[in-house]
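What follows is a set of notes on a single structure, which appears directly below.
Each value in this text was obtained by applying a stated rule to the coordinates, not by laboratory testing. If you're wondering where the values come from, they're calculated on a predicted model, not measured in any experiment. Every residue, glycine among them, receives a Cβ derived from its backbone with ideal geometry; neighbour counts consider all protein chains shown.
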Amino acid sequence: MKLKGIFLDHKKNTAGSASVVLPTPKTVRIAMQQCAGAACDVLVKVGDEVLVGQKIGDSDKYMSVPVHSSVSGKVTGISELLQVSGRVCKCVDIETDGEQRYMPGLKAPQVSDKDSFCNAVRESGCCGLGGAGFPTHVKFGFDDTRFSVDTLVINAAECEPYLTSDHRTMLEDADSIFNGIACIKKYLGIKNVCIAIEKNKPDAIDLMRQKAQRAGADIRVTALSTRYPQGAEKVIVYNTTGRVVCEGQIPADVGVIVINVSTCAFIGQYMKTGVPLVSKRITVSGDAVASPCNVIVPIGTAFEDILWYGDCDPESIDKAIAGGPMMGTDLFDLRDPVCKTHSALLAFRHGGERERNRVQTACIRCGRCIEACPVGLMPTVLEKAFDKKDRQTLKKMKVSLCMNCGSCSYVCPAKRDLAEKNQLAKALLRT
């Protein structure tokens, strides 16, 4: 089996830029929906004083993680945020006092077994920091009688252009990564670990190999070819273990758990300090950013505040993206807040103009989309089936395998919205 993909211009302009802690903003808006699960209920009210690390949102749903204050200050309002999914969630608006006073009593959690470890991970507010935002405690809490997990894959591919926050995490927080690995191995009983990194990060590969050699023979570092989308879950599982995650399966079905390298680093930090997830490392780049950089910001910081730090006037840009250019989401309001799943903020002067000039033409049956698809789908066939609302063909051609990497749309000379149609098709099948 050969998994395909495409080659992209890396544009890793900030790979050598050490992370800088952003000055505390005057205000933050902390969303109550920050993971791929249930939204949290607000636990504070207007006028309350809050501290860094204080829990301000939680839910009794299993598929959820609590939300903590990233700043110290006063709650000034409970507002609403329109998310890219179309859903509206509550936000806690906080006016900061500039002192960043921490919640008293924060300390390393007491963990003795798998259950207490999973509970600690949940209380930390941890979810997947690579973009999907799946609650980490749910991933760790697999049923031992159903799944025989023997391998942990640390996803450090960071295959999208511009993004370097995971790269900087490896260089700046290597010890935290390996502490996180040690905890996961110990409490989940996982024997083998693979840290998967694309070859365009040789300094990170060298450092991880040095650390792995000291940590033990059951931790290996795999250098992946720089082919997009190496970081996709099914792709990275196959390229590191040779195991195939079939339609309808999750990695645990083939004995693997995959977590993002920044998620692993955070777990390592939390297990030592007890400080919950209150900040995020963000890559700031794009042709409208005069000073591309990596910054560490309080969760809830407005994107426009980050742009000013990168010497970018928000009024001068034509297009802004939260995340990478392939799978990120367009920002329509730069006052929106940073969430746990955001890894980058890209700003462009002319990106929007190119989108407006994007003219679709008829399919010329060149087959480039089929050649590019990493899971071997036929995007043009799926497009036609969706247009006809042909559910039977969509199922037969396995549209549910689409990971929304965007490779098909990227290579299409006719500018067809193939990736978008696949997502609409999956939504059609769900209804």
Original post:
With the Cα gyration tensor of region 13-104 giving a ≥ b ≥ c as the square roots of its eigenvalues, does the rule (a/c under 1.5 for rounded; else a/b larger than b/c for prolate; else oblate) give rounded, prolate or oblate?
Top reply: oblate
Original post:
For the chain, what is the calculated [θ] at 222 nm in deg cm²/dmol (nearest 500), taking -39500 (n - 2.57) for each run of four or more DSSP H residues and dividing by its residue count?
Top reply: -8000 deg cm²/dmol
Subject >> Over region 1-160, volume per residue of the alpha carbon convex hull, in Å³ >> reply: 196
Original post:
What is the set of long-range amide H partners of Thr222 at a cut-off below 5 Å, with H atoms built 1.01 Å from backbone N?
Top reply: Ile195, Ala196, Ile197
Subject >> region 114-273 - share of DSSP beta bridges that are antiparallel (%, nearest 5) >> reply: 5
Subject >> Restricting region 251-356 to trypsin sites (Lys or Arg not before Pro) in coil, as DSSP defines it, with at most 13 other Cβ within 10 Å >> reply: Arg335
**OP:** Would you pull out the residues with amide H under 5 Å of Ile299's amide H, same chain only if 5 or more places away, H placed 1.01 Å from N?
**Re:** Ser279, Lys280
Original post:
What's the longest bit of the chain with no exposed chymotrypsin sites (Phe, Trp or Tyr not before Pro), using DSSP loop states and at most 11 other Cβ atoms within 10 Å as the test?
Top reply: 8-331
**OP:** Filter the trypsin sites (Lys or Arg not before Pro) in region 70-155 to those in DSSP coil with at most 10 other Cβ atoms within 10 Å of their Cβ, and list the result.
**Re:** Arg87, Lys107, Arg146
Original post:
Which entries in Lys234/Lys426; Lys26/Lys280; Lys4/Lys340 show an alpha-carbon gap greater than 21 Å?
Top reply: Lys4/Lys340
Original post:
Where is the GNM fluctuation largest for the chain (alpha-carbon springs, 10 angstrom cutoff): Asp60, Asp387, Asp206?
Top reply: Asp387
Original post:
So how many Å³ per residue does the convex hull of the Cα atoms of region 144-194 work out to?
Top reply: 82
Original post:
Which whole-number percent gives the relative contact order of region 24-102, counting Cα pairs below 8 Å spaced six or more residues apart?
Top reply: 36
Original post:
At what distance in angstrom do the alpha carbon centres of region 57-128 and region 136-209 lie from each other?
Top reply: 23
Subject >> Residues of type lysines that Lys186 reaches as a straight line, Cα spacing below 17 Å, ignoring anything fewer than 8 places off in the same chain >> reply: Lys114, Lys139, Lys272
Subject >> Calculated from backbone phi, Karplus (6.51, -1.76, 1.60) coupling profile of region 332-348 in Hz, x at Gly/Pro >> reply: 9, 9, 6, 7, 4, x, 5, 10, 4, 8, 7, 10, 7, 10, 10, 10, 10
Original post:
Between Ser343 and residues 5 or more places away or on another chain, which pairs have amide H atoms under 5 Å apart, with H built 1.01 Å from N, and which residues are they?
Top reply: Gly323
Subject >> FRET E, pair Lys107, Met63, Förster distance 41 Å, beta-carbon r, rounded to 0.05 >> reply: 0.90
Subject >> Candidate lysines for bridging to Lys319, where Cα separation is under 18 Å - those fewer than 8 sequence places away on the same chain excluded >> reply: Lys11
Original post:
What are the ³J(HN,Hα) values, in whole Hz, obtained from phi via the Karplus relation 6.51 cos²θ - 1.76 cosθ + 1.60 with θ = phi - 60°, for each residue of region 296-311 in sequence order, with x given for Gly and Pro?
Top reply: 10, 10, x, 4, x, 5, 5, 4, 5, 5, 5, 4, 4, 5, x, 6
**OP:** Output the antiparallel fraction of DSSP beta bridges having both residues in region 1-123, as a percent to the nearest 5.
**Re:** 95
